[in-house]
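The next block holds one structure in the form of structure tokens; read it before the comments.
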Amino acid sequence: MKNLLNMKKNLVGVITAIILTTTVLAGCGTEKKEETGGTKTTAPVATNAPKAKKVKDGIKPFTVSLRHINVRDTQKKTLAMLQDVVDKTLKDVPGLKIEMDGVEDTVNRDTKLKAEMAAGNQPNIFNLFGGDDTINYAKAGRLLPLNDILAKLNLSDQFFDLREFTVDGKIYGLPEAGYVEGFYYNKKLFANAGITAPPTTWDGFLADCAALKAKGITPIAMGGGAGDAWVINMLFNSLFVGLGGPELQEGFAKGTGQWTDPKIVDAFAKLKDLKDKGFIDTNVLGLKYAEGQAKFYTAQAAMLFDGSWATSAIVDPTKSTMAADAGFFRFPNISGAGDGLINGGWSNGYGFSSVQTPDQLAAIEAFINNFYNPAMQTRQLIDDNRIPSMKGVSDITGAQPLVAEIGKQQASATKAYPAFDALVQAKVKAVVESTVQELLGGKLTPDKAAETIQKVQDLANKAQK
């Protein structure tokens, strides 16, 4: 990981810091959860190439399936950009039809894609997480190596970081955007509680939470109910890395880091304490992710711990009542080995099936060319408030001020680190999610929570040897 750059004095400098400073990977995530269903549509063949003409010219129609996760209402702009890429690709490739399948993030990652990979009938193009997911699917021979395509398109050195999608020197996926995690906060509610600036230390953070609660203001909005425990784990991840440093999580799958480490047990205790004191929404286990978000951007809570993908909803005047009052600060220093660090990187994007016809390979090449370029990266920064995954973004006219604040906080950190679920096996990720829910629900103590996870980690490590 490289040291992050200092904040510049203008917006261009801030976004440059966003683009140039975070150099590690992460697996939490990026655009997250809400619905459980999916939508399937078939994009029309380009109007300048009607079917009758294709048959006459000997052009054989063929189909490419595309699985995306842009199904939530807050992802309309993301979906619109994807649709534009699809439309351009249809025009570039004669005979092509693209069947688009929209599936909620968790359902895609933990259910549908796993089953499809096991059966060998994965879509041609699909949303893919880096880290353990990519490693497993690559070793099973399900993913298309992209090195040659990237070289042909002159894209080999245009991404900030592809390590999480790289296995044994081969690149198997391309990150859609970058992210950082931290606290969004309502400046007006802070002022109402007598708080003049966001906290920089854990003690200051707890004091601010107490001041907010004393004024009848819910300090932290959070929806971590069924299927959405990853939301709780974002905060837990920053807690235990803050206390013990990133080396802890880097050692889980290697056997050199233990979930029973006292620093992680302490992190569990601090997380539970936030819930017990009423600093986290008391209904955290009864709310979905989107419901927790909505409590923040409708000013029903003062803070929201989330990834930078949440920015679009927060600044959307049709959803948010406090867009002008929104700020952002990184996880406060907690007097631990991870002080000064921030969770962030590039971990979520698109992968491609290893089973393709020559026509489908040509379509994939066109899709990559149309999706991964400076113009699209600039558009997603300006229109969708997402951190680019590629170099070459320079004109940031029209970027949201909140994006600049995020860049300032990112630039104030000394290093970045990936989310833990990019570093552990899928079974471990699943048990951490269920365990934090039981912890906050009072069914497990911090010690028992740590022991529960370590038992699964030991089994997962043994199985991979």
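Could you run the Karplus curve 6.51 cos²θ - 1.76 cosθ + 1.60 with θ = phi - 60° over segment 318-330 and give me ³J(HN,Hα) per residue in whole Hz, x for Gly and Pro?
7, 10, 9, 9, 9, 4, 6, 9, 7, x, 8, 9, 6
Please give the net charge around residue 438, taking every other residue with its beta carbon less than 11 angstrom from that of residue 438, where Lys and Arg add +1 and Asp and Glu add -1.
Once all neighbours under 11 Å are counted, the net charge is +2.
Ignoring ligands, DNA and RNA, what percent of the 1.4 Å accessible area of the chain is carbon and sulfur? Spell out each step's value before the answer.
Numbers: 9580 of 18240 Å².
Percent of accessible area from carbon and sulfur atoms in the chain: 53.
Keeping all protein chains in the complex and leaving out DNA, RNA and ligands, what accessible area do you get for residue 109 with a 1.4 Å probe, in Å² to the nearest 10?
Rounded to the nearest 10, the figure is 20 Å².
5 Å is the cut-off here: which amide hydrogens, built 1.01 Å from N in the peptide plane, fall below it relative to residue 386, excluding neighbours closer than 5 in sequence?
Those qualifying (amide H under 5 Å, at least 5 residues apart or on another chain) are 381.
Around residue 337, which amide H atoms from residues at least 5 apart in sequence, or from another chain, sit under 5 Å from its own amide H, with H modelled in the peptide plane?
Answer set, sorted by chain and number: 244, 245.
So if the hydrodynamic radius of segment 103-242 is defined as the Kirkwood radius over C-alpha pairs, what does Stokes-Einstein give as its diffusion coefficient at 25 °C and 0.890 mPa s, in µm² per second?
The calculation lands on 131 µm²/s.
Where a ≥ b ≥ c are the square roots of the eigenvalues of the C-alpha gyration tensor, would you call segment 345-465 rounded, which needs a/c under 1.5, or, failing that, prolate if a/b is larger than b/c, or oblate?
In terms of gyration-tensor shape, oblate.
Work out, in µm²/s and without decimals, the Stokes-Einstein translational diffusion coefficient of segment 162-244 at 37 °C, 0.692 mPa s, Rh from Kirkwood over C-alpha pairs.
The Stokes-Einstein estimate is 208 µm²/s.
Using amide H atoms built in the peptide plane, which far-off residues or other-chain residues are under 5 Å from residue 179 H to H?
345
Once every Cα of segment 267-341 carries one equal point scatterer and solvent is ignored, give the base-10 log of I(q)/I(0) from the Debye formula at q = 0.11, 0.22 Å⁻¹, two decimals.
-0.34, -1.11
Quick check for you: with a 1.4 Å probe and neighbouring chains kept, what is the accessible area per residue of the chain, in Å²?
On a per-residue basis, the chain sits at 39 Å².
Which value at 222 nm does the chain reach when only helices count, each DSSP H run of 4 or more adding -39,500 (n - 2.57), with the total divided by all residues and rounded to the nearest 500 deg cm²/dmol?
Working: 18 runs with 193 residues, N = 465.
Rounded to the nearest 500, it is -12500 deg cm²/dmol.
Specify whether the C-alpha gyration tensor of segment 243-389 places it in the rounded, prolate or oblate class, a ≥ b ≥ c being the square roots of the eigenvalues: rounded for a/c under 1.5, otherwise prolate if a/b is larger than b/c and oblate if not.
Oblate shape, in that a/c is at least 1.5 and b/c is the bigger or equal ratio.
Which FRET efficiency value, to the nearest 0.05, do you get for residue 282 and residue 254 by plugging their Cβ-Cβ distance into 1/(1 + (r/R0)^6) with R0 = 45 Å?
0.75
Multiply the residue gap between residue 451 and residue 83 by 0.36 nm, knock off their C-alpha separation, and tell me the result in nm, one decimal place. Walk me through the numbers on the way to the answer.
Details: separation 368, 0.36 × 368 = 132.48 nm, distance 4.62 nm.
Full-extension gain reported as 127.9 nm.
Express in nm, to one decimal, how much length is gained between residue 335 and residue 91 on full extension, taking 0.36 nm for each residue of separation and deducting their alpha carbon distance.
Extra length from residue 335 to residue 91 when fully extended: 82.2 nm.
Would you tally the net charge around residue 187, using a Cβ to Cβ cut-off of less than 11 Å, leaving residue 187 out, and scoring K and R as +1, D and E as -1? Mind showing how you got there, number by number?
Numbers: positive: 188; negative: 325, 405.
Net of charged neighbours comes to -1.
Would you mind checking 88/288; 77/427; 288/427; 277/319; 427/465 for any pair whose Cα atoms are more than 25 angstrom apart? All intermediate terms of the calculation are to be shown ahead of the outcome.
Values: 88/288 36 Å; 77/427 33 Å; 288/427 22 Å; 277/319 29 Å; 427/465 15 Å.
Flagged as over cut-off: 88/288; 77/427; 277/319.
For segment 89-105, what does the Karplus curve 6.51 cos²θ - 1.76 cosθ + 1.60, with θ = phi - 60°, yield as ³J(HN,Hα) per residue in whole Hz, taken in order and with x for Gly and Pro?
Calculated HN-Hα couplings, in order: 5, 4, 6, 7, 10, x, x, 7, 10, 10, 9, 8, 10, x, 9, 4, 3 Hz.
Give me the distance in nm between label points sitting 7 Å out from Cα along the Cα-to-Cβ direction at residue 63 and residue 201, one decimal.
Placing both labels 7 Å beyond Cα along the Cβ direction yields 6.3 nm.
Between residue 361 and residue 152, with labels modelled 7 Å along Cα→Cβ, what's the label distance in nm to one decimal, could you check?
It is 0.7 nm.
At 7 Å along Cα-to-Cβ for each site, give me the label-to-label distance between residue 111 and residue 298 in nm.
2.6
By the gyration tensor of its Cα atoms, with a ≥ b ≥ c the square roots of the eigenvalues, what is the shape of the chain: rounded for a/c under 1.5, prolate for a/b over b/c, or oblate?
Details: a/c = 1.83, a/b = 1.47, b/c = 1.25.
Judged from the Cα gyration tensor, the chain comes out prolate (a/c at least 1.5, a/b above b/c).
Provide the per-residue ³J(HN,Hα) series for segment 333-341, in order, calculated from phi with Karplus coefficients 6.51, -1.76, 1.60 and θ = phi - 60°, each as a whole number of Hz, with x at glycine and proline positions.
4, 10, 6, x, 5, x, 4, x, 8
The values are calculated or read from the model by the stated rules, or taken from the named source; none is laboratory data. Just so it is clear, the structure is predicted and the values come from calculations on it, not from any experiment. We place every Cβ from the backbone using ideal geometry, glycine too, and count neighbours over all the protein chains shown. Just the protein is used for accessible areas: all its heavy atoms, side chains included, with ligands, DNA and RNA removed. Shrake-Rupley method; radii C 1.70, N 1.55, O 1.52, S 1.80 Å.
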